[in-house]
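Quick notes on the structure that follows.
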Amino acid sequence: MIEMLLNIAGERMVHHKVIMQKELAIIRYGLQAMIESMLIFSTMIILSVILGSFVEALAWVGTVFLIRSMRGGRHAGTFLQCYFISVGTFLLCMLAIHFFQHQLILYRIIWGAALLLILWSLISSIPRSKQKKIQLIGTLINSLLIFAYGLLIFLQNTNPILLASLLGLTVSQLSGFVEIKACCKQQVANEPG
């Protein structure tokens, strides 16, 4: 549906000389990515308002966006897969925040999982770093966030916003871990043997 609308809009832009024919594919791709991202984000915001956790949702989305833009991660094959995985993960995290927001042991478990995932991703990505500067910045941000969360948890500061951001960090790390694992499997499959 989105593709069909973008094809029609793109042809009209070319017809009215807003863009040139050679720019059409790039413009269409950018608009499609933007519209799909806005659909996912809008659904998350609507769900957060319904659940009464708007600030927590912003903390979760902000953390996921920051980490995924710096460190990358696994992408779904289609928009529908991406939509349901993203919104489903978001909804599960918001429900976990609602039910477990003041349980210190949950904070410690999630913090430990995030720490293990960042350590694993650092060890796994050392030999094949394509964008070294961005990865270093992403690693630094991850490390600082994990240190800050650890300090807050040590001080027993538990609140829903901290838990939302911590869950966002863990989900982002998990996405990166799945991407690294998929790359390793692909390299093994491509090796002669």
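The values are calculated or read from the model by the stated rules, or taken from the named source; none is laboratory data. For clarity, every value in this text was computed on a predicted model and none was experimentally measured. Cβ atoms come from the backbone with ideal geometry, glycine included; neighbour counts cover every protein chain shown. For the accessible areas, the whole protein counts, side chains as well, though only heavy atoms, and no ligand, DNA or RNA atoms are used. Shrake-Rupley method; radii C 1.70, N 1.55, O 1.52, S 1.80 Å.
Summary of values
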quantity: Condition met for Lys17 (more than 15 Å from the chain's Cα centre (by Cα), on the phi < 0 side of the Ramachandran plot and among the basic types (Lys, Arg)); calculated: no
quantity: Hey, Leu39 open to solvent by 40 Å² or more (accessible area, probe 1.4 Å) and either modelled with pLDDT of 90 or more or within 22 Å of Val171 (Cα to Cα) (or both) or not; calculated: yes
quantity: Scope the stretch 1-36; condition open to solvent by 80 Å² or more (accessible area, probe 1.4 Å) and not in a helix (DSSP H, G or I); matching residues; calculated: Met1, His16, Lys17, Val18, Met20
quantity: Meets criteria (over 13 Å from the mean Cα position of the chain (by Cα) and at pLDDT below 85) for Gly72; calculated: no
quantity: Leu47 vs. criteria open to solvent by less than 60 Å² (accessible area, probe 1.4 Å) and in a helix (DSSP H, G or I); calculated: yes
quantity: Qualifying residue in the stretch 101-124 (condition: touching a helix residue (DSSP H, G or I) at 6+ places or on another chain (Cβ under 7 Å), more than 21 Å from Phe147 (Cα to Cα), open to solvent by less than 40 Å² (accessible area, probe 1.4 Å) and β-branched (Val, Ile, Thr)); calculated: no
quantity: Residue, surrounded by the fewest Cβ atoms within 10 Å (Cβ to Cβ), within the stretch 147-170, restricted to residues that are of a type in the set (A, V, I, L, M) and over 23 Å from Leu91 (Cα atoms); calculated: Leu155
quantity: Residue list for the stretch 54-75, filter: open to solvent by 40 Å² or more (accessible area, probe 1.4 Å) and either of a type in the set (S, T, N, Q) or not in a helix (DSSP H, G or I) (or both); calculated: Ser69, Arg74, His75
quantity: Wholly enclosed helices (runs of 4 or more DSSP H) of the stretch 96-193 bearing at least 2 residues basic (Lys, Arg) and modelled with pLDDT under 70; calculated: 160-190
